[in-house]
Amino acid sequence: MKRTHHCNELRLSHSGQTVTLAGWVHSRRDLGGLIFLDIRDREGRTQTVLDPSRLTREIFDRASALRSECVVSVTGTVQQRPAGTGNAKIATGEVEVAVTQLIVLNMAEVLPFPVDDPEVASKVNEELRLQYRYLDLRRPEMARHLRLRSKVAIATRQFMDEQGFLEVETPTLFKSTPEGAREFLVPNRREPGTFYALPQSPQQFKQILMVAGVEKYFQLARCYRDEDLRADRQPEFTQVDIEMSFIEREDIYQLIEGLLKRLWKTALGMDIPTPFKRISFEEALNRYGIDKPDTRFGMELVDFSDDFKGSSFKVFSGAIAAGGVVKAINAKGMAGATQGQIETMTDYAKSFGAKGLAYIKVENGEWKSPIVKFFSEAEKQALTSKLKISEGDLILFAADQWLNACEILGKIRLYCAEVLKAQGKLEVDGCPYHFLWVVEFPLLGFDREQNRWYSSHHPFTAPVADDIPMLKSDPRKVRGQHYDVVVNGVELGGGSIRIHQPDVQKTIFEDLLGIPAEETRLRFGYMLDAFKYGAPPHGGIALGFDRLIAILCGTPSIRDVIAFPKTAKGTDLMTDSPSTVSPRQLRDLYLEVKAAKKE
RNA sequence: GGGGGUGUAGCUCAAUUGGUUAGAGCGCUGCCCUGUCACGGCAGAGGUUACGGGUUCGAGCCCCGCCACUCCCGCCA
C-alpha cells in the first residue's frame, strides 16, 4: 500500500514496472466499460486506467463510485499509452498505470467549488476560498506559491548563513511601545492590568543583539500590526529582519543586492542587474511624485515654476508667489480621457487639498482647455518643449506647495499609467523588475495638527553625520541615514543606520520628539541603558517577505502567498476567529468586556 | 472612521423600462457508453435573488437599513 512513486515521476522508462501511487482523484472519466482515473498528488498527476478484463468486478465498481478529490491508493503496471492517446499537457502523459488494485483511503463529499479547473477556480469568490482554504491550497497555482515561498525562505537562510549571519529568534510577547502602529495586546494573568504587546517588528531586540555582540543577525520574523488592512497588508506578516554592526549604508546596499540577486535566481532563474540605481527622496518626489517610484515607465513630472511665476493665470503665479511650485506631466495618448477619468483624477487632486485639476487635451492640433487662454506664447512654448507635447497628449498640472504638488501628480501619474496600460498605449521598459534604493529621506517630519516633530522612519535612525549640527538649528533639513529598497513601485523594505551615541539619542527623544525624560526612561530605558555599556555602530533593514513572495509569484495580493490569511476586517473565515471567550477566561485575566454585544 | 465595487442554483454568470412559472454553462443524481484526458449521449433534481423593512396592482431590478467579501483614502514610527 505504501506508494512507490509520486504522481509526476513515471516515464516510458518505467514501463512494465509494478507501482503504487497515492493521491487525490483529480478527475474520473467513466466510459462505461473503461474508467480513467487521474491521480494527483503534490508533485503532479498520472493517468490510471481500469480495464475490467484485468481486475475484479468489485474493484471496477469501487472505481465507478469515486468522485473528484476522493483519496485513493492504486497499484498497477506502468505501460505506454496506445499510439495517439498521449497527453502532451502533463509530464507523465506518455504513460499510464493499468490498475490491478484500488484502495479507497477516503471518500470526498461534493466540493463547494472546483479545484481541478484552474480557469474556474481562480475566479471563485475569495470568501469561499478562504473558508475552505485547505481546498484552495490544493489548487496547483496555490501549491506553487507555497512551494516557491518555502524555496525562497530556505535560500534566504542559506545566503545569510554564507554571509556569516546568525539566525536569532526574538520574543513575540513583548513590551508595549506606543510609538508607531497600533499593537495587539496580550493580558497578563499574573498581574491584573498589565499587558504584553505583540511586536510590530523586532526592532529593539535586534539592536540589543548588536550590543550583545552578535554582529550579524537575521530572522524571518513574524510581526503584528493592528491597523486596517490592504491587499498588501495583513495583521500578521513576515519580515526578513537584518541587523549588522560596524557597517555603513553601503554595506547594507551590497548585502541586500546580493540577497535579492540570489532570490531572483532561485525563484525565477533570472539574473537581476546590480548594483541598484539610487535616487534621493527629493529627486524621487521631483521626478515621480512618490517616495517609491515605479520607474518601468517615464511620464516624469516637469517643473514649470520659473516659466509661470509671472503668469497672468493667477492660480499658477499665485501658488508660486506663496512659495509653491507648478508642475505638470504629459500622459501621452490620453487626450481621449473620458469625463469619468478626468473626474477620478480631479478627486485625487482634491483629496490632497487642491481646488481642482488643470489639464490640456491635445486633439486635432488644438489645445482644448479652459485655462489655455491665460497662457502667453512663451509659456505655451515652454510647455511644448519641456513636455514634448504632440497630438493626442493629455497634460495635467498641479500648483501647490512642493510636496503636495509632487504627490498629486505622483498619484495621477500612476492612474494614467494604469489607464494607458489597459489600452496598450504605455511604453514600458523591457526589464520586468526595476529595483532601486531611495535614500536621503528627511529624518523628521512636522505634524502641523499636533504641532510637533515626528520620526519619518523611527526614532533610532541616525542623522547623516554632516547634518547633526542642524538637529537643533534646522531640524527640517537633517537627512536620515535611512534607505528603502523599491521594486516596480512597491516598497520592498527599508532600514537605517542607527544612533549608537546616547547623547544624540537623547536629543532626538527629548528635544525634538518632545518625549519627557521620564517617559523615555519608562519606554526605552532598557535600551538606553544597554547603549551605555559599549554599543557598536550598527544598522539594518527589514524586507517584507510576503510582498517579496507576491512579486515573485506575480500576484497582487499577499493573501495568495500566505497559507492562512485574514480578510480585510482581520477575520479568519476558516476558523471563525476572532471569537468570544468564556466568562471564566475573562475572569482569569481580570478583564471585563464593556462594549455592547453583537446580535 | 470615510468612499467605491460585488452579493441570483454547489460554482461561474444571465435575466430589456419594474411585468407570465428567475435562465445558461459547469458540477450533482440516474441510465447508456472499452481509449478518454474540458470524454460523449439521454433524462432529472436543484432558488427565502445575502438579510430586514418600504414604495408599487406587481420588486432580482427602485428606496431605506443591515451583513459579508473586496479595492481605495485615513491609518500602517
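The values are calculated or read from the model by the stated rules, or taken from the named source; none is laboratory data. The structure displayed is predicted, hence computed values, not measured ones. Heads up, the Cβs are rebuilt from the backbone with ideal geometry, glycines too, and the neighbour counts pull from every protein chain shown. Quick note on the areas: whole protein, heavy atoms, side chains included, nothing else; ligands and nucleic acids left out. Shrake-Rupley method; radii C 1.70, N 1.55, O 1.52, S 1.80 Å.
Of everything in region A:136-181, what is assigned to a helix (DSSP H, G or I) and among the hydrophobic types (A, V, I, L, M, F, W, C)? Give them in sequence order.
Within region A:136-181, A:142, A:143, A:146, A:148, A:152, A:153, A:154, A:155, A:159, A:160 qualify.
Residues in region A:90-99: is at least one near RNA strand B (Cβ under 10 Å from one of its atoms), in a strand (DSSP E or B) and acidic (Asp, Glu)?
Among the residues of region A:90-99, at least one is near RNA strand B (Cβ under 10 Å from one of its atoms), in a strand (DSSP E or B) and acidic (Asp, Glu), which makes the answer yes.
Please verify whether residue A:388 is among the basic types (Lys, Arg), open to solvent by 70 Å² or more (accessible area, probe 1.4 Å), farther than 19 Å from residue A:320 by Cα and more than 24 Å from the chain's Cα centre (by Cα), treating the condition exactly as stated.
Criteria met by residue A:388.
Among the candidates A:9, A:69, A:94, single out the residue that is touching a helix residue (DSSP H, G or I) at 6+ places or on another chain (Cβ under 6 Å) and at pLDDT 95 or above.
Answer to the selection: A:94.
Residues A:77, A:46, A:4: which one is at pLDDT 95 or above and open to solvent by less than 20 Å² (accessible area, probe 1.4 Å)?
Of the residues listed, the single one that is at pLDDT 95 or above and open to solvent by less than 20 Å² (accessible area, probe 1.4 Å) is A:46.
Just wondering, is there one or more residues in region A:112-122 that are modelled with pLDDT under 95, touching a Ser or Thr at 6+ places or on another chain (Cβ under 7 Å), open to solvent by 60 Å² or more (accessible area, probe 1.4 Å) and over 27 Å from residue A:551 (Cβ atoms)?
yes
Out of the residues in region A:9-65 that are farther than 12 Å from residue A:97 by Cα, in a helix (DSSP H, G or I) and away from RNA strand B (no atom under 12 Å from the Cβ), which is nearest to the chain's Cα centre (by Cα)?
Across region A:9-65, the extreme among qualifying residues is A:13.
Under 6 Å between Cβ atoms, at least 6 apart or on separate chains: pull out the pairs that start in region A:213-237 with a residue that is in contact (Cβ under 8 Å) with a residue 40 or more places away in the chain and assigned by TED's automatic domain parsing to the domain that holds residue A:560 and end on any residue that is part of a strand (DSSP E or B) and among the small types (Gly, Ala, Ser).
The qualifying pairs are A:215/A:245.
Are any residues in region A:457-478 open to solvent by 60 Å² or more (accessible area, probe 1.4 Å) and either within 15 Å of RNA strand B (Cβ to nearest atom) or assigned to a helix (DSSP H, G or I) (or both), and if so, which ones?
Scanning region A:457-478 gives A:457, A:465, A:466, A:472, A:473, A:476, A:477.
Give A:181, A:155 a once-over and let me know the one that is modelled with pLDDT under 95, open to solvent by less than 30 Å² (accessible area, probe 1.4 Å) and either polar (S, T, N, Q) or within 20 Å of the chain's Cα centre (by Cα) (or both).
That would be A:181, the only listed residue that is modelled with pLDDT under 95, open to solvent by less than 30 Å² (accessible area, probe 1.4 Å) and either polar (S, T, N, Q) or within 20 Å of the chain's Cα centre (by Cα) (or both).
Within region A:314-360, take every residue that is among the basic types (Lys, Arg) and not in a helix (DSSP H, G or I) and give me the one that is surrounded by the fewest Cβ atoms within 10 Å (Cβ to Cβ).
A:355
Please tell me if residue A:532 is near RNA strand B (Cβ under 9 Å from one of its atoms) and either at pLDDT 95 or above or not hydroxyl-bearing (Ser, Thr, Tyr) (or both).
no
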